[in-house]
Each structure stands twice: as C-alpha cells, then as structure tokens.
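Asker: There's a structure below that I have some questions on.
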Amino acid sequence: MQQSGVPGSRGCALCPLLGVLFFQGVYVVFTLEIKVDAHVRGYVGENIKLRCTFKSSSSITDKLTIDWTYRPPSSSRTESIFHYQSFQYPTTAGTFRDRISWVGDVYKGDASISISNPTMKDNGTFSCAVKNPPDVHHNIPATELTVTERGFGTMLSSVALLSILVFIPSTVVVILLLVRMGRKSAGLKKRSKSGYKKSSIEVSDDTDQEGGDCMAKLCVRCAECVDSDYEETY
C-alpha cells in the first residue's frame, strides 16, 4: 500500500512511529507488523528461544517467507541462519549449523526459532524478517542476545526458591501442631485444677493401671451382681 508524499514533509519525525517509511519520493505504509524481544538472556548449554510474531493484512499463503539473520558484536557482517517458505531451511554451515530449530506457527503469526547448545560465542544481534506478498514492507526488529555461564548466584537463588516452596509450608504446619498441643495441655491442667470429674472411660483407664488388689475387688463386685440377678429370678 503506497501513499503519495506531501511536499515539504520529507523530515517527518513521527513517520517511523506511525509505521510509515519515506522511500523514493513516496511514503510507504507498513501493512505487516513484526515484534521481537529487544533483549534475550540465555545460559550456556540451555536452549534459547528467540521470539518473533507478526501481523499481516493479507491471508497466509505459500509465498510467505521468513528469514533470520545473525550479526556478531562489533561487526557489520551478517549471516543467514534460517529460512522458511512452506518448509524449514535451517543453516547447514557456520557456527549455527545443526543448532537452529523451528518453533513457530505461521498460521498463528509466530516465526520463532530456538538455539540449542548456545555458547558465549553466540552473543550478537538477531533479526527477523517476514514477507507475506503483497505485504512486503515492514519494520526490521532486532534481538540482542547475551549468553552467560549460570553462576553460583543463580544457583543460590534457585535453592532459595526451593526452600521457600518446601520448607516454609512445613514449618507452618509444625507451628500449628505445637500451638494445638499447647492449648490441649492447658485445657487438661485447667480441668484438673477446677475439680473436673472424670468420665467413665477415664475411670476405667485409671482402674486398668491399678494393682492386683483392685482387680480382685472388681471380680468380687461382679460376682455379687451375678448372685443378685439369680435371686431376682426366683
């Protein structure tokens, strides 16, 4: 989609923000919008996902193409690392050989890729370009990737998080149990001081703990009860 330029408006400062590019005497309106993460941090040996999403005013067809390029730090040299057009074509040469995987879905506006076994040599700028004819004019966003070793501080923070998720709930449970036991003990002491009368179950428990004399008395008592029952029968 093109729109004729307005004389004297060549220095439009807001045009990039409005999705407009002044090119060869005309203003070109971006009909395809691409978004990426400006900065991505990864760790050596751990897969890194480079996100890229796009919105097109045209339907997705087999003419849609996606190109990812890489530029090392302090260098103007760019390297093609991935191409898509109906099929996936990761690079078969260079430092990213056999390490680029397609994790996107063009029908969902996703053009993301993944880097396996990253090293600190992979630091640099990654650019995502999408063309979906007739939508071919778009911004060219870039992602700055920083790969570092996972240090002791990061491991320590992981241990701290694990402690929070596991040990703190356990501590809370123990405290609640101690509080409950303390309240129960206080209640028993209060009952004993106020002349609390034991229930039949508590009395039987105390009886079971007495010596042989008490057991003998109980047997005599039971015999008397049996005799009385026979007398009532007659």
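No lab work stands behind these numbers, since they all come straight from the coordinates. Being a predicted model, the structure only gives us computed values, none of them experimental. Methodologically, a virtual Cβ is constructed for each residue, glycine included, from the backbone with ideal geometry; neighbour enumeration extends over all protein chains shown.
Asker: Evaluate E = 1/(1 + (r/R0)^6) for Thr148 and Ser57, where r is the Cβ-Cβ distance and R0 equals 41 Å; express this FRET efficiency to the nearest 0.05. Write down the numbers at each step before the final one.
Answerer: Details: r = 40 Å, r/R0 = 0.97.
E between Thr148 and Ser57, to the nearest 0.05, is 0.55.
Asker: Another question, if that's okay. Roughly how many nanometres apart are two label points built 7 Å out from the Cα toward the Cβ at Asn139 and Ile164?
Answerer: Label-label distance for Asn139 and Ile164, simple model: 3.3 nm.
Asker: Can you report the principal axis dimensions of segment 26-159 using only the alpha carbons, biggest first, rounded to whole angstrom?
Answerer: Largest first, segment 26-159 extends 52, 30, 30 Å along its Cα principal axes.
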